[in-house]
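See below for the structure under consideration.
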Amino acid sequence: MRSTKVSISLMLVMSFVTADAAETDHHHHGDAGTALQRNAGQLWMTDAALRESMAALRVTFASHHQEIHNGSLSADGYTSLATTTENTIARVIAQCQLEPEADAQLHLILSKLMDAAQEMRHTTDLSHARRAAIQAINALNAYPEHFDDPSFVPIEEREVSVLKSSAIDKEPSSPHP
């Protein structure tokens, strides 16, 4: 039964994303064009539901960051990432309270995330699943560049700084004369 609900949710999300791209006004979604843009140079406003959902996706991908980048994540791991991504996108769409222009811009990111989720779920080639996961990370990293969410730190930046500090902690100390 759960699988049926997820499938129905996914079909609804995919039809919504496809329809949103094809129409100039659906729900309250304006025409975003094809390039992700800021709001006259400013970040787009967000709401609590969007920030919570994007933070949850960030945590999910960050927790698998090393496995993705070193190519050790399993097929089941990519399927799990896809499921989490699809469910989170469905929640974002259901709870959408953004202004039409901001919403249209957000859907450009959501579309990239959904494309990545579909590839992670349906490919049998782990190198393709890995590329799709990296595409999702890149889409997530584009979010704080365009949306006002000060608590969202791009995945690469935080993980790189954690890795650097871990390497420093593990370096042997030099002998003192």
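The values are calculated or read from the model by the stated rules, or taken from the named source; none is laboratory data. Being a predicted model, the structure only gives us computed values, none of them experimental. All Cβ positions, even for glycine, are placed from backbone atoms using ideal geometry, and neighbour counts span all protein chains on display.
Things to note:
- The residues in segment 51-78 that are under 12 Å from Pro154 (Cα atoms) and free of Cβ contacts under 8 Å to residues at least 60 places away in the same chain can be counted, and the count is 1.
- In the condition set (1) assigned to a loop (DSSP other than H, G, I, E, B); (2) among the aliphatic types (A, V, I, L, M); (3) at pLDDT 95 or above, Ala35 is compliant with all but (3).
- In summary, Met54 fulfils each of the numbered conditions (1) assigned to a helix (DSSP H, G or I); (2) out of contact with any strand residue (DSSP E or B) (no Cβ under 9 Å at 6 or more places or on another chain) with the single exception of condition (2).
- Qualifying residue in segment 138-150 (condition: at pLDDT 95 or above, in contact with a strand residue (DSSP E or B) (Cβ under 7 Å, 6 or more places away or on another chain) and part of a helix (DSSP H, G or I)): yes
- Count - residues of segment 59-99 that are acidic (Asp, Glu), part of a helix (DSSP H, G or I) and surrounded by fewer than 17 Cβ atoms within 10 Å (Cβ to Cβ): 2
- Selection count, segment 77-132, where residues are under 14 Å from the mean Cα position of the chain (by Cα), of a type in the set (Val, Ile, Thr) and within 17 Å of Glu67 (Cβ to Cβ): 3
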